[in-house]
Amino acid sequence: MPTEIKGLNEECGVFGVFDAANASQLTYYGLHTLQHRGQEGAGIVSTDGTELYQHRDRGLLAKVFADPAELKRLKGNAAIGHVRYGTSGHNSIANVQPFLFHFHDGAVALAHNGNLTNAVTLRRELENEGFIPALKKSLNLVHGGFAYLLLQKDRLIAALDPNGIRPLCIGRLENGAYVVASETCALDIISAQFVRDVLPGELIVIDKNG
């Protein structure tokens, strides 16, 4: 087996939900089910359609959100979350996801399972060239395996590497809200129905139109 393949493991867990009244709570439950994928840090970013709210820290999910007020502070009907396994970088708060970036045309939160080798270039292109065209261009330049969840104030975006090395699936709640997660067990915990897997090289945009 090539060294490159051996080095690609399925650690780190991502979870996202769009158009659910209790989005941050659902994200917490989903991440709890994915805790086996990473124990070094955890975080959630939510949006109420106007602002993005973030809380993240080192340690297990239950420790990070030991104060119930932190979860209640993450308002809104959409959220993404992450549990971290340290594939690279130091175990510091700076490496705990989701990351939250503030651009001149709005904020973007990012949670990924994989190593970002072009983070600086990605940020510059997202800011200067328009979000979706730049995102497609940047993802086509990334080598290796990755699964991305990106959250803006009015949409959730999921993307998978062209080889489909990292797992990512789509589910739907009874009220129609969409869910994206690293494993189907995270769908089961919130009673979401499995829809399908994200296809290799696919970029999916979920917004108020579906």
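Residues that are in contact with a helix residue (DSSP H, G or I) (Cβ under 9 Å, 6 or more places away or on another chain) and aliphatic (A, V, I, L, M): list the strands (runs of 3 or more DSSP E) wholly contained in the stretch 37-103 that include at least 2 such residues.
Strands (runs of 3 or more DSSP E) meeting the threshold: 41-47, 78-84.
Which condition number does Gly13 fail, the rest of (1) modelled with pLDDT of 95 or more; (2) buried (at least 24 other Cβ atoms within 10 Å of the Cβ); (3) over 17 Å from Ile206 (Cα atoms); (4) not acidic (Asp, Glu) being met?
Result: Gly13 fails condition (1) only.
I need a count of the residues in the stretch 159-177 that are among the aliphatic types (A, V, I, L, M), open to solvent by less than 10 Å² (accessible area, probe 1.4 Å), within 23 Å of Gly114 (Cα to Cα) and in a loop (DSSP other than H, G, I, E, B).
Matching residues across the stretch 159-177 total 1.
Checking the conditions here, which among Asp197, Asp188 is farther than 20 Å from Gly145 by Cα and more than 13 Å from the chain's Cα centre (by Cα)?
Step by step, each of Asp197, Asp188 is checked, and only Asp188 is farther than 20 Å from Gly145 by Cα and more than 13 Å from the chain's Cα centre (by Cα).
Take the conditions closer than 18 Å to Ala20 by Cα, open to solvent by 50 Å² or more (accessible area, probe 1.4 Å) and in contact with a strand residue (DSSP E or B) (Cβ under 9 Å, 6 or more places away or on another chain) and apply them to Val180. Does it pass?
Judged against the criteria, Val180 is not a match.
Taking the stretch 183-210 as the region of interest, how many residues are open to solvent by 90 Å² or more (accessible area, probe 1.4 Å) and at pLDDT below 95?
Total meeting the criteria: 3.
What are the residue pairs meeting all of these: first residue in the stretch 46-60, first residue under 21 Å from Ala21 (Cα atoms) and open to solvent by less than 40 Å² (accessible area, probe 1.4 Å), second residue part of a strand (DSSP E or B) and of a type in the set (Phe, Trp, Tyr), Cβ atoms under 7 Å, and 6 or more apart or on different chains?
Ser46/Tyr53
For the stretch 183-195, what are the residues that are in contact with a strand residue (DSSP E or B) (Cβ under 9 Å, 6 or more places away or on another chain) and either outside any loop (DSSP other than H, G, I, E, B) or not charged (D, E, K, R) (or both)?
Residues satisfying the conditions are Thr184, Ala186, Leu187, Asp188, Ile190, Ala192, Gln193, Phe194, Val195.
Could you grab me the full set of residues in the stretch 18-32 that are touching a residue at least 60 places away in the same chain (Cβ under 8 Å) and either within 16 Å of Asn113 (Cα to Cα) or open to solvent by 60 Å² or more (accessible area, probe 1.4 Å) (or both)?
Residues satisfying the conditions are Asp19, Tyr29, Gly30, Leu31, His32.
Any idea how many residues of the stretch 135-161 are at pLDDT 80 or above and more than 24 Å from Tyr53 (Cα to Cα)?
3
Do we find that Glu183 is under 13 Å from the mean Cα position of the chain (by Cα), of a type outside the set (Lys, Arg) and within 24 Å of Phe99 (Cα to Cα) in this structure?
yes
The values are calculated or read from the model by the stated rules, or taken from the named source; none is laboratory data. Treat the numbers as computed from the prediction; the structure is a model and nothing was measured. When we count neighbours, we look across all protein chains shown, and the Cβ atoms used for this are built from the backbone with ideal geometry, even at glycine. Only protein heavy atoms, including side chains, enter the accessible area calculation; ligands, DNA and RNA are left aside. Shrake-Rupley method; radii C 1.70, N 1.55, O 1.52, S 1.80 Å.
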